[in-house]
Amino acid sequence: MPSFNQLALIGPTASGKTALAIAYAKQHHCNILSLDSLAIYKKIDIVSAKPSLEEREGVKHFGIDLLYPNEPFDVTTFIRCYEEARSTSIQEQKGLVIVGGTSFYLKSLLEGISPMPPISKATQERTQATLQEGHATLLAIDPEYMQHIKPTDRYRIEKMLNLYYETGLSPTDYFCQNPPLPTIADPLPIYEILVDREVLRERIRQRTHKMIQRGLINEIFYLEKTYTKAPNCMKAIGIRETLDYFDGVYSKEELIEKIIINTARLAKRQRTFNASQFKEKTSLVLPELQKLLLG
């Protein structure tokens, strides 16, 4: 018998994960952990397609409405969310459903990440002073690791420069000496929703029109006015196209089509990732998965 009852539900965006997760949680006395890079933000409600308060009623959710859009986060945020969700669920004698389109976070929970050292102020200042040539510096000391990081990836370059200056170790050497530690130790069955490409495209189309009707444009107007275009979340699909619409790049009809096209491309990348990264899983179309999980 597993020490803790939990499962993960994955699938491309608009495949029906959220509704199935809530239905399962209500039926089987579970909490839910959302692994989504937009639903984690307060004020980003429509474009994130997060479940409404009415839909969430009766089911405790973790990983939703934690941060404001100008507050940064990384995978360690979801590690803390999982630890909180797990301990709370055990205390409440409930199970846990892990659900979300950002499967990278699920992979990180399963495989772990290497612990990072505290970064001193002196190191941070040195990194900022040399950030412009940071990619070249790191490429010279660790060409193997840096071949996977683009010169434009400021976030990862800054992180690796901090690591190098703080420890004196190349990224490869540091991660060899500090191997990742998995966060999820209990058994975790993974269920994947399979969706025909054309069926999914129509679901995406319907959801996009529904978002527009619910006030997506007004939501993005508020976000830009309050937080500017600077936060990383303002580059998300649905937000960046609406910002272009404000700038006169698209008509409203073109805006809708652009969101649909880019969401469909995202769904394709998600399916590819799930197929390559999660080998042991149960993959079924939605009606069959509903029957399996809900009876």
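Since every read-out is calculated from the coordinates, none of them should be taken as a lab result. The structure displayed is predicted, hence computed values, not measured ones. Heads up, the Cβs are rebuilt from the backbone with ideal geometry, glycines too, and the neighbour counts pull from every protein chain shown.
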Share of antiparallel DSSP beta bridges in the chain, in percent to the nearest 5?
5
Exposure proxy ranking, count of Cβ atoms within 10 Å, fewest first, for Cys233, Cys176
Cys176, Cys233
Between rounded, prolate and oblate, where does the range 121-177 land on the alpha carbon gyration tensor, with a ≥ b ≥ c its root eigenvalues, rounded for a/c under 1.5, else prolate if a/b exceeds b/c?
oblate
Could you order the peptides 11-24, 49-62 from most to least packed, using the average number of other C-beta atoms within 10 Å per residue?
11-24, 49-62
In the structure shown, of Lys210/Lys252; Lys43/Lys229; Lys121/Lys159; Lys159/Lys229; Lys17/Lys94, the pairs separated by more than 18 angstrom at the C-alpha atoms are Lys159/Lys229; Lys17/Lys94
For the chain, what class follows from the C-alpha gyration tensor (a ≥ b ≥ c being the square roots of its eigenvalues): rounded when a/c is under 1.5, otherwise prolate if a/b is larger than b/c, else oblate?
oblate
Picking from Lys43, Lys150, Lys26, which is most flexible by a Gaussian network model of the chain using Cα springs under 10 Å?
Lys150
Starting at the first residue of the range 116-128, write each ³J(HN,Hα) from the Karplus equation 6.51 cos²θ - 1.76 cosθ + 1.60 with θ = phi - 60°, in whole Hz, x for Gly and Pro.
9, x, x, 9, 6, 5, 4, 5, 4, 5, 5, 4, 4
Quick one: Cα centre-to-centre distance for the range 137-209 and the range 39-118, in angstrom?
17
Sorted by chain and number, the residues with a modelled amide H under 5 Å from that of Tyr191, at a separation of 5 or more or across chains, are Ala8, Leu9, Ile10, Thr282
Sequence order, the range 29-34: Karplus ³J(HN,Hα) from phi using 6.51 cos²θ - 1.76 cosθ + 1.60, θ = phi - 60°, Hz rounded, Gly and Pro as x, gives 6, 10, 8, 10, 10, 8
Show the residues, 5+ positions off or on another chain, whose built amide H is closer than 5 Å to the amide H of Val285.
Leu194
Virtual spin-label span in nm between Gln128 and Leu243, 7 Å along Cα→Cβ:
2.3
HN-Hα J in Hz across the range 49-57 - Karplus 6.51, -1.76, 1.60, θ = phi - 60°, x for Gly and Pro
6, 5, x, 6, 4, 5, 5, 7, 3
Looking only at Gly112, Gly100, Gly63, which one moves most when the chain is put into a Gaussian network model with springs between Cα atoms under 10 Å?
Gly112
